[in-house]
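Student: Questions regarding the structure given below will be posed in turn.
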Amino acid sequence: MTTVGLLYPGHLAEDDYPRLEVLLDSDIRLPLVHTDLAEDTYGEPELLALGAPERLAAGVEELRLAGAASVVWASAVGGFIRGPEGAQRQIRELARSAGVPASSTSFGFAHAVRRLGAAKVGVAAIWPAEIMARCTAFLASEGVEVVAAAGGDGSVPAARAAGWGRDEVLELARSADHPEAAAVLLPDTALHTVAHLEDLEAELRKPVLTASQVTVWEGLRLADRRAWAFHLGRLFAKPGL
């Protein structure tokens with residue numbers, strides 16, 4: 001049995017994780033604890049507060065009791081908004097609090113891109129331009145070149161994006177596709193994407209990395225557990241297939 005503990009902000013697209021658990025090996029468990037999502041906004045003070053140490057630490061004990069072998073802060077923007085050093089400090093504090101290896105969706109994307117050997121990527125999210133710029137800068141600090149970035153104007157709240165279906169998610173992914181991009185990233189954990197991974201990769205004809213998929217993959221990587229699965233995109237594809 002391998003248990004990956006997840007700290008997820010608010011109540012948005014968390015039902016992606018039970019779907020992932022079903023599609024993965026039967027002895028993988030993904031217990032999830034909700035952290036406080038005070039405001040659905042893209043203001044920097046609010047985003048910094050989203051991943052405050054005390055908020056993350058509040059959910060750790062429940063995951064420890066669940067037998068988590070690793071813990072992942074399931075928020076990309078809640079990590080990279082602190083910058084490279086702040087994001088590193090955040091997961092160090094989380095690991096210390098949890099007593100097990102820890103990471104965040106932000107670092108999960110950098111590690112997953114390396115795993116696929118995709119040096120250049122496109123990135124699409126609903127975030128406004130200034131938040132997309134922070135995301136691009138964070139990825140650059142991890143050696144990932146963003147050749148296309150597509151964001152919003154901040155007018156779409158996360159709660160509304162959580163209700164998007166296949167067509168809206170596909171349109172978002174297409175907006176960041178680029179001939180030089182070896183993969184396309186959808187880093188917003190508010191989006192439901194697991195049910196659409198096969199369609200996304202078929203449409204773009206390249207790997208597509210999404211927040212819920214990458215979050216779980218990162219937790220399994222930390223737990224030193226390799227897992228292969230159908231229907232979960234190139235990241236979970238068995239080598240040689």
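Student: Among (i) 45, 39, 33; (ii) 45, 43, 33; (iii) 62, 40, 37, which is the computed Cα extents along the principal axes in Å?
Tutor: Read-out from the structure maps to (ii).
Student: Now, a different point. Quick check for me: using +1 on Lys/Arg Cβ and -1 on Asp/Glu Cβ, what's the dipole size of the chain about its Cα centre, in debye to the nearest 20?
Tutor: 900 debye
Student: Which of the GluC sites (Glu not before Pro) found in segment 1-98 are loop residues per DSSP with 16 or fewer other Cβ atoms within 10 Å of their Cβ?
Tutor: Working: sites: Glu14, Glu21, Glu39, Glu46, Glu54, Glu61, Glu62, Glu85, Glu93; in loops: Glu14, Glu39.
Passing sites in segment 1-98 are Glu39.
Student: Report the net charge of residues surrounding His111, where surrounding means a beta-carbon distance below 13 angstrom and charges are Lys +1, Arg +1, Asp -1, Glu -1.
Tutor: Values: positive: Arg114, Arg115, Arg221; negative: Glu142, Glu218.
Here the charged neighbours net out to +1.
Student: Testing the spin-label approximation: label points 7 Å from Cα along Cα→Cβ at Leu65 and Arg19. State their distance in nm.
Tutor: Label-label distance for Leu65 and Arg19, simple model: 3.0 nm.
Student: Between Ala49 and Arg226, what length comes free when the chain is fully extended (0.36 nm per residue of separation minus the Cα-Cα distance, one decimal in nm)? Mind showing how you got there, number by number?
Tutor: On the way: separation 177, 0.36 × 177 = 63.72 nm, distance 3.33 nm.
Gain on extension, Ala49 to Arg226, equals 60.4 nm.
Student: Pick out which of Pro187, Pro18, Pro84 has the largest mean-square fluctuation in a Gaussian network model of the chain, springs linking Cα atoms closer than 10 Å.
Tutor: Pro18
Student: Which whole-number percentage describes the relative contact order of the chain, with Cα contacts under 8 Å and a sequence gap of 6 or more?
Tutor: RCO, the chain: 23 percent.
Student: Under the 0.36 nm per residue contour assumption, what length would be gained going from the current alpha-carbon distance of Asp199 and Lys238 to full extension?
Tutor: Taking 0.36 nm per residue and subtracting the Cα distance, the gain is 12.2 nm.
Student: Counting other Cβ atoms within 10 Å of each Cβ, which chymotrypsin sites (Phe, Trp or Tyr not before Pro) in segment 138-241 have at most 11 and sit in a DSSP loop?
Tutor: Values: sites: Phe138, Trp164, Trp217, Trp228, Phe230, Phe236; in loops: Trp164, Trp228, Phe230.
Answer by residue number: Phe230.
Student: Assuming R0 = 45 Å, what is the FRET efficiency of Arg29 and Glu180, from their Cβ-Cβ distance, to the nearest 0.05? Don't jump to the answer; show the numbers that get you there.
Tutor: Working: r = 39 Å, r/R0 = 0.86.
Result of the calculation: an efficiency of 0.70.
Bear in mind that the values in this text are calculations on the coordinates, not laboratory data. Keep in mind that this is a model prediction, so the values were computed, not measured. Cβ sites come from the backbone with ideal geometry, for glycine too, and all protein chains shown count toward neighbours.
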